[in-house]
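Please read the structure below before turning to the comments.
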Amino acid sequence: MLKKKLKSYFFTGLIVIVPGYITFYIVYLIIRKMDSFIQLLPSKYHPETYLHFKIPGLGAIATFLLILIVGILFTNIFGKKILGFLEDKFVKQIPFVGSIYKGTKQIIETIFSHDTTSFKEVILVEFPKEGCFAIAFITNYLETSITDYNGVTKKFVAVFLPTTPNPTSGYLMILPEDKVIKTNMSIDAAFRMIISGGVLAEKFDRKI
């Protein structure tokens with residue numbers, strides 16, 4: 001009995017500590033990396049030259065401001081035309097580099113766009129075989145319809161099926177829309193369930 005309780009306490013502590021530690025460590029690495037960007041400036045422009053002490057996180061603030069300024073410059077019509085010209089005439093013309101740039105840009109636009117349904121609907125799909133269900137996300141409603149062998153025209157959806165416990169990898173699946181089961185589960189709840197291997201599961205129902 002005591003052994004069972006100790007085991008339960010240990011795993012509870014592990015669940016609390018490990019995510020917090022990983023989150024803190026990732027944030028620390030990001031801030032440290034951003035701080036290193038300050039070193040790209042000439043030494044006379046370094047804040048430490050005048051303050052005689054290092055300010056943690058200053059690089060992160062500087063990087064944030066730089067991204068904000070670039071966003072402001074390229075939001076207007078003139079800035080968009082310049083960016084489009086540079087992309088078409090230079091970046092996209094470079095083999096391999098152009099493909100990476102285009103793919104990365106599409107991913108960023110998908111994640112931060114407010115007009116897309118990607119990663120905003122949790123579904124269940126039969127995987128890896130019939131009768132087994134896995135949590136997945138509709139990433140896009142495809143603008144194409146395919147007629148099957150019975151002459152029935154079906155609409156298709158692009159689905160991302162993440163793996164456990166690392167949801168950053170997974171499978172892209174193209175499925176008929178009527179073959180997915182839509183749920184009322186939130187995105188956060190779905191990710192918690194995936195990462196924890198089902199330990200942190202919440203009640204959900206089929207969306208009608």
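The values are calculated or read from the model by the stated rules, or taken from the named source; none is laboratory data. Please read all numbers here as calculations on a predicted model, not as lab measurements. All Cβ positions, glycine included, derive from the backbone under ideal geometry; neighbour counts span all protein chains shown.
Table for the structure above
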| read-out | value |
| --- | --- |
| Residue match in the range 41-58 (condition: surrounded by fewer than 11 Cβ atoms within 10 Å (Cβ to Cβ) and in contact (Cβ under 8 Å) with a residue 12 or more places away in the chain) | yes |
| Residue match in the range 137-151 (condition: within 30 Å of Leu14 (Cα to Cα) and hydroxyl-bearing (Ser, Thr, Tyr)) | no |
| Odd one out for Gly59 among (1) at pLDDT 75 or above; (2) over 30 Å from Arg192 (Cβ atoms) | (1) |
| Answer from Ser169, Ser145 - the residue that is over 22 Å from the mean Cα position of the chain (by Cα) and free of Cβ contacts under 8 Å to residues at least 24 places away in the same chain | Ser145 |
| Qualifying residue in the range 134-142 (condition: without any contact (Cβ under 8 Å) to a residue 60 or more places away in the chain, in a strand (DSSP E or B) and over 24 Å from the mean Cα position of the chain (by Cα)) | no |
| Number of the exception - Lys155 against (1) crowded, with 16+ Cβ neighbours inside 10 Å; (2) touching a Pro at 6+ places or on another chain (Cβ under 8 Å); (3) farther than 21 Å from Glu130 by Cβ; (4) not hydrophobic (A, V, I, L, M, F, W, C) | (1) |
| Counted residues, the range 174-199 - those being buried (at least 16 other Cβ atoms within 10 Å of the Cβ) and in a strand (DSSP E or B) | 2 |
| Val152, sole failed condition from (1) hydrophobic (A, V, I, L, M, F, W, C); (2) closer than 30 Å to Ile22 by Cα; (3) out of contact with any strand residue (DSSP E or B) (no Cβ under 7 Å at 6 or more places or on another chain) | (2) |
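Residue by residue, here is whether (1) assigned to a helix (DSSP H, G or I); (2) modelled with pLDDT of 75 or more; (3) over 27 Å from the mean Cα position of the chain (by Cα) holds:
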residue	(1), (2), (3)
Lys5	yes, yes, yes
Phe11	yes, no, yes
Pro19	yes, no, no
Leu29	yes, yes, no
Lys33	yes, yes, no
Phe37	yes, no, no
Thr49	yes, no, yes
Lys54	no, no, yes
Ile72	yes, yes, no
